[in-house]
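Please read the structure below before turning to the comments.
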Amino acid sequence: MPRGRITPDALVSAAADLADEIGFENVTLAALAKRFGVRDASLYTHIRGLADLQERVALLALTEWADALSAAVAGRSRRDALVAFADTYRALATGHPGRYAATRHPVSPERAAATPGVARIIEVCYALLRGYDLSEPDATDAVRLLRSTFHGFSDLEATGGFTADHSLDVSWRRAVDTLHHTLANWTKIP
């Protein structure tokens with residue numbers, strides 16, 4: 001990429017792509033500078049350093065996730081919304097592993113508050129649960145259950161943690177169906 005095309009947004013986008021290729025934890029300023037054909041020091045015109053870059057990549061990834069998850073559940077409710085959300089989550093986590101790792105990177109509260117993507121992900125989760133008539137504190141418990149399940153499955157799938165000779169797609173669908181059944185019967189759980 002020619003030097004004249006370096007902007008903060010271009011750096012963050014390139015760093016996110018690099019994270020998907022080599023892992024979020026392996027992204028360095030040197031690797032990013034090499035991608036742009038410049039020296040490391042040139043990047044400091046656009047970013048404050050590696051920590052700033054990592055936070056920006058995290059915010060980009062969270063915004064991309066918010067967009068994708070919002071689109072997936074739009075116009076759907078209950079099981080249809082849950083399946084769309086779950087399938088989108090899995091596709092993003094396994095298809096963009098660097099960005100997925102970035103979504104778990106700590107972000108300063110000030111930057112998180114200034115980025116609509118962070119709040120939208122939470123809103124999408126709670127919108128999904130409104131179809132199941134869950135209110136607090138049940139909704140928080142349900143969000144934690146969904147996130148734990150989706151993260152655990154996706155992480156194990158991405159790292160080759162499932163070795164049994166059985167379809168991952170079948171196991172995924174069973175897990176999502178079980179979550180639907182659990183959410184639909186939440187108030188009956190002691």
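Tell me the helices (runs of 4 or more DSSP H) entirely within segment 1-93 that contain at least 3 residues that are among the β-branched types (Val, Ile, Thr) and under 17 Å from Val124 (Cα atoms).
Counting at least 3 such residues, we get no helices (runs of 4 or more DSSP H) at all.
Which ones in segment 79-118 are without any contact (Cβ under 8 Å) to a residue 12 or more places away in the chain and either hydrophobic (A, V, I, L, M, F, W, C) or touching a Pro at 6+ places or on another chain (Cβ under 6 Å) (or both)?
Ala91, Ala113, Ala114
If you take the residues in segment 97-122 that are charged (D, E, K, R) and surrounded by 14 or more Cβ atoms within 10 Å (Cβ to Cβ), which one is nearest to Val83 (Cα to Cα)?
Among residues in segment 97-122 that are charged (D, E, K, R) and surrounded by 14 or more Cβ atoms within 10 Å (Cβ to Cβ), the one nearest to Val83 (Cα to Cα) is Arg120.
So in segment 46-78, with the set limited to residues that are over 30 Å from Ala142 (Cα atoms) and touching a residue at least 24 places away in the same chain (Cβ under 8 Å), which one is surrounded by the most Cβ atoms within 10 Å (Cβ to Cβ)?
Result: Leu53.
Mind telling me which of the residues Ser167, Ser148 ends up being closer than 24 Å to Thr94 by Cα and within 21 Å of the chain's Cα centre (by Cα)?
Only one candidate passes the filter, namely Ser148.
Among (1) in contact (Cβ under 8 Å) with a residue 40 or more places away in the chain; (2) surrounded by 14 or more Cβ atoms within 10 Å (Cβ to Cβ); (3) not β-branched (Val, Ile, Thr), which single condition is Glu25 missing?
Among (1) in contact (Cβ under 8 Å) with a residue 40 or more places away in the chain; (2) surrounded by 14 or more Cβ atoms within 10 Å (Cβ to Cβ); (3) not β-branched (Val, Ile, Thr), the lone unmet condition for Glu25 is (2).
So which residues in segment 94-137 are within 10 Å of the chain's Cα centre (by Cα) and either farther than 14 Å from Ala61 by Cα or not in a helix (DSSP H, G or I) (or both)?
His96, Arg104
Could you list all residues from segment 157-175 that are exposed (fewer than 13 other Cβ atoms within 10 Å of the Cβ) and part of a helix (DSSP H, G or I)?
Matches in segment 157-175: Asp169, Val170, Arg174.
Any idea which of Thr187, Thr178, Thr182, Thr140 is assigned to a helix (DSSP H, G or I), touching a Ser or Thr at 6+ places or on another chain (Cβ under 9 Å), β-branched (Val, Ile, Thr) and surrounded by fewer than 18 Cβ atoms within 10 Å (Cβ to Cβ)?
Sole residue among the options that is assigned to a helix (DSSP H, G or I), touching a Ser or Thr at 6+ places or on another chain (Cβ under 9 Å), β-branched (Val, Ile, Thr) and surrounded by fewer than 18 Cβ atoms within 10 Å (Cβ to Cβ): Thr178.
Could you list, ordered by first residue, the pairs with Cβ atoms under 7 Å in which the first is in segment 7-18 and at positive phi and buried (at least 19 other Cβ atoms within 10 Å of the Cβ) and the second is at pLDDT below 95 and outside any helix (DSSP H, G or I), at least 6 apart or interchain?
Between residues of segment 7-18 that are at positive phi and buried (at least 19 other Cβ atoms within 10 Å of the Cβ) and residues that are at pLDDT below 95 and outside any helix (DSSP H, G or I), there is no close pair.
Please tell me if Tyr126 is hydroxyl-bearing (Ser, Thr, Tyr) and crowded, with 18+ Cβ neighbours inside 10 Å.
No.
Asp133 - would you say it is surrounded by fewer than 18 Cβ atoms within 10 Å (Cβ to Cβ), on the phi > 0 side of the Ramachandran plot and of a type in the set (Asp, Glu)?
It is true that Asp133 is surrounded by fewer than 18 Cβ atoms within 10 Å (Cβ to Cβ), on the phi > 0 side of the Ramachandran plot and of a type in the set (Asp, Glu).
The values are calculated or read from the model by the stated rules, or taken from the named source; none is laboratory data. Note that the structure is a prediction, hence the values are computed from the model and not measured. Here the Cβ is made from the backbone with ideal geometry for all residues, glycine too, and neighbour counts use every protein chain on show.
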